[in-house]
Amino acid sequence: MIYAIKILDGKYIKIGFSQQKTSKGRIDAMQTGSPFELEEIFCIEGTIRQELEIHSALRSAFARIRI
């Protein structure tokens with residue numbers, strides 16, 4: 001699955017991949033090591049390759065808007 005989790009009221013967003021079937025287990029595992037409340041934005045079926053493509057597309061998009 002591919003998931004997006006917001007941290008600090010959306011100031012930061014983590015996009016990742018997990019082989020777990022639901023995001024709850026992944027969020028619970030991440031929450032254990034985080035002092036901030038984590039909240040799911042979305043969770044979809046996907047592969048690690050698709051997750052890497054999302055990161056690549058976002059990197060390109062943000063590179064174009066930086067001054």
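The values are calculated or read from the model by the stated rules, or taken from the named source; none is laboratory data. The structure presented is a predicted model; accordingly, all values stated were derived computationally and were not measured. Cβ coordinates were reconstructed from backbone atoms using ideal geometry, including for glycine residues, and neighbour counts include every protein chain displayed. Each accessible area value is taken on the protein alone, full model and side chains, heavy atoms only, with ligands, DNA and RNA left out. Shrake-Rupley method; radii C 1.70, N 1.55, O 1.52, S 1.80 Å.
Structural remarks
- Selection within segment 1-46: residues that are in contact with a Leu (Cβ under 8 Å, 6 or more places away or on another chain) and among the aliphatic types (A, V, I, L, M). The member of this set that is nearest to PHE62 (Cα to Cα) is ILE15.
- So SER18, is it open to solvent by less than 50 Å² (accessible area, probe 1.4 Å) and in contact with a Lys or Arg (Cβ under 8 Å, 6 or more places away or on another chain): yes
- Annotation note: of ILE48, ILE27, the sole residue that is surrounded by 12 or more Cβ atoms within 10 Å (Cβ to Cβ) and under 11 Å from the mean Cα position of the chain (by Cα) is ILE27.
- Residue selected from segment 23-67 under the condition small (Gly, Ala, Ser) and in contact (Cβ under 8 Å) with a residue 12 or more places away in the chain, by the criterion nearest to ALA4 (Cα to Cα): SER23
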